[in-house]
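Contents: one structure, followed by commentary.
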Amino acid sequence: AVAVRGPDYTSSDQSTTGTIVVGEEQRASSSRLFQERSNLNQDLVIAAEVAPTSEEVISKMERLIQENDMQRRVLEQVQSSLQQTTRAEIVPHGTQSTSEGAPVSIEESTMTRTTNSKRFWLLIAILIVTAVVVMGIIIPKVLKSDTQEEVTKEGCTSNSSCSINRADGICKADGQCLIVACQDNYDDCNQNAIDGCETNLHFDNNHCASCNNQCSLENANSDCVEGSCVVSSCIEGFGNCDGKSTNGCEKNLQNDDYHCGSCDKTCTLANAFSECIDGSCVLIGCMIGFGNCDGVSNSGCETNLRLSNDMHCGACDNRCDFLSSCTDGTCFYGK
């Protein structure tokens, strides 16, 4: 039997009081390559024992040698990589290396980890406190905003329609309901959107038909009726003789000869000249041949002084005796 061996490669771990600080993944890769090389050497020996003169064996041996050589080179590269990435070549037992390569005792390393842990939890605590403070500021504002919205506009949101007293409105950004239109015969005369369109323009004397129209008629007491100012009564001494409310109580019943004392009373006394004084027709004088012999002004000058009137002949209370008679206002004797 012919024994064929590939290139020798040995590796030994130095037994020292320290350890090589390497990555677990690189250590596993190195172990796997050592195992594959060992298996390859065994295959070479078995192949030579089974067919020492076969060309097939020779070809297989050459191939295995090439693969073995390739694995050796890979193993060398891995070992070189391990040496370059080692954080410290040899560290005495009971110590650890720092990022600068200086040895640090286990006690110091433990203290460092403890300090780092404390810093970590302190940072977590600060973040939690910050979050609580922020939420304590934001949440009350949100709740206050929502509550205010419900109180002021009953669920109204910006630019949405809202309904208030006798009005249609739209919600502004500040949460107030802006009046867009009032219902028929109502208006917002106090310019306060909270009570909506509060004024009834049909029956409000101070806002009749419109907010700026106050019922104030001449010489009259007035009322707003269905949006119009009407005379409810006249001031004493005046009358609404034309029947129109627009000019109020236009006639002075105290001195108007055609509306003396009342709208339908005219100062026209019989056979007399009269004048309206303090609401009464006063007789100023009688026409020629007539006299106010009964002393009543309203009857005018009722007595004809020129006719045959023996009691008031020519003048009131001018009697003709039994021997005479009144002719053209004169007492004549005889026939």
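The values are calculated or read from the model by the stated rules, or taken from the named source; none is laboratory data. Not measured: the values here are computed from a predicted model. Note: ideal-geometry Cβ built from the backbone for every residue, glycine included; neighbour counts use all protein chains shown. The area values use the complete protein model at the heavy-atom level, side chains included, leaving out ligands, DNA and RNA. Shrake-Rupley method; radii C 1.70, N 1.55, O 1.52, S 1.80 Å.
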Checklist entry - Thr327: accessible area at probe 1.4 Å, nearest 10 Å²? => result 60 Å²
Item to check | Length released on extending from Tyr333 to Ile124, taking residue separation times 0.36 nm less the Cα-Cα span | outcome: 60.4 nm
Checklist entry - Given the protein chains as shown and a 1.4 Å probe, how many square angstrom of His202 are accessible, to the nearest 10? => result 50 Å²
Checklist outcome for this item: With the label point 7 Å along the Cα-to-beta-carbon line of Thr246 and a cut-off under 13 Å to each amide N, the hits in region 177-206 are none
Item to check | Efficiency of FRET between Ile288 and Glu218 - r from beta-carbon atoms, R0 41 angstrom, step 0.05 | outcome: 0.45
Item to check | Hypothetical label at Asn200: residues of region 208-240 whose amide nitrogen lies under 12 Å (7 Å Cα-Cβ projection) | outcome: 224-227
Checklist entry - Considering only protein heavy atoms, what is the solvent-accessible area of Tyr186 at a probe of 1.4 Å, reported in Å² to the nearest 10? => result 60 Å²
